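S.K.: Next up is a structure, given as structure tokens.
The values are calculated or read from the model by the stated rules, or taken from the named source; none is laboratory data. Since the model is a prediction, treat every value here as computed from it, not as a measurement. So basically every Cβ, Gly included, is an ideal-geometry build from the backbone, and we count neighbours across all protein chains shown. Keep in mind that these areas ignore ligands, DNA and RNA; they rest on the heavy atoms of the full protein, side chains included. Shrake-Rupley method; radii C 1.70, N 1.55, O 1.52, S 1.80 Å.
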Amino acid sequence: MPHVIVEYSANLDEAIDVGGLCETLRMAAAAIDEIAMPGVRVRAYRADHHAIADGAEGHGFVDISVRLRGGRSGAVKDKVAKLLFEAAREFIDPCMSGNSLALSLEVRDIDPELSPKTGTIRDHLRGSP
């Protein structure tokens with residue numbers, strides 16, 4: 001883990017390279033020692049319909065949810081939140097200076113007893129035996 005889910009307002013399509021943001025978040029998550037790189041998943045969803053603040057069309061948002069398998073310490077969750085938020089903020093900063101934009105991030109636990117997993121990604125990673 002983690003699963004990193006980016007939700008963003010459709011009016012940011014031209015202002016932010018969402019694919020680049022996903023790759024930035026993937027690299028930041030994979031660089032955290034307490035996270036297993038093969039479990040990193042980053043995806044983005046555009047919100048075609050949104051209403052923000054006073055309703056002006058120019059307001060936009062990027063909201064990032066980070067889901068971690070339960071059992072991690074508060075210190076690890078804090079580290080993940082800070083590092084991923086800073087990576088997103090640095091990537092989005094050029095857009096923020098000229099646009100009305102809200103950036104947020106939240107870390108949540110996934111209950112391991114209620115979240116069965118299987119997969120073959122580790123079998124297919126480059127350099128695997």
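S.K.: Going by alpha carbons, how many degrees (0 to 90, nearest 10) lie between the helix axis of 74-96 and the longest principal axis of the chain?
M.R.: Once rounded, one gets 40 degrees.
S.K.: Given axes a ≥ b ≥ c from the Cα gyration tensor, I'd like to know whether the stretch 25-81 is rounded (a/c under 1.5), prolate (a/b larger than b/c) or oblate.
M.R.: prolate
S.K.: So how far apart, in nm, are the two label points at Tyr45 and Arg26 if each is 7 Å from Cα heading toward Cβ?
M.R.: 2.0
S.K.: Quickly work out the Ile52-to-Glu14 label distance, labels modelled 7 Å from Cα along the C-beta direction, and quote it in nm with one decimal.
M.R.: 1.6
S.K.: Something else now. Of the chain, which part is the longest with no trypsin sites (Lys or Arg not before Pro) in a loop (DSSP not H, G, I, E, B) and with at most 15 other C-beta atoms within 10 angstrom?
M.R.: Between exposed loop sites, the widest span is 1-116.
S.K.: Per residue, how much accessible surface does the chain expose to a 1.4 Å probe? Answer in Å², no decimals.
M.R.: Heavy-atom accessible area per residue stands at 61 Å².
S.K.: Grab the other residues whose beta carbon is less than 10 angstrom from that of Ala47, score K and R as +1, D and E as -1, and report the net.
M.R.: That sum, taken over residues with Cβ under 10 Å, equals -2.
S.K.: Any chance you could run the full-extension gain for Arg108 through Leu83? It's 0.36 nm times the residue separation minus the Cα-Cα distance, nm to one decimal.
M.R.: Value of the extension gain: 7.5 nm.
S.K.: Setting aside same-chain residues fewer than 8 positions from Lys82, which aspartates and glutamates have a Cα under 15 Å from its Cα?
M.R.: Asp33, Glu34, Asp63, Glu90, Glu106
S.K.: With both bridge residues required to lie in the chain, what share of the DSSP beta bridges run antiparallel, to the nearest 5%?
M.R.: 25
S.K.: Please determine, in degrees from 0 to 90 and to the nearest 10, the orientation of helix 18-30 with respect to the longest principal axis defined by the Cα atoms of the chain, where the helix direction is its Cα long axis.
M.R.: 40
S.K.: What's the carbon and sulfur percent of the chain's accessible surface, probe 1.4 angstrom, rounded to a whole number?
M.R.: About 50 percent, which is the carbon plus sulfur part of the accessible surface.
S.K.: Can you give the FRET efficiency for Asp93 and Ala36, using 1/(1 + (r/R0)^6), R0 = 35 Å, r = Cβ-Cβ distance, to the nearest 0.05?
M.R.: 0.75
S.K.: Each residue of the stretch 36-49 in order: what ³J(HN,Hα) in whole Hz does its phi give by Karplus 6.51 cos²θ - 1.76 cosθ + 1.60, θ = phi - 60°, with x for Gly and Pro?
M.R.: 7, 3, x, x, 6, 9, 10, 8, 10, 10, 8, 8, 5, 10
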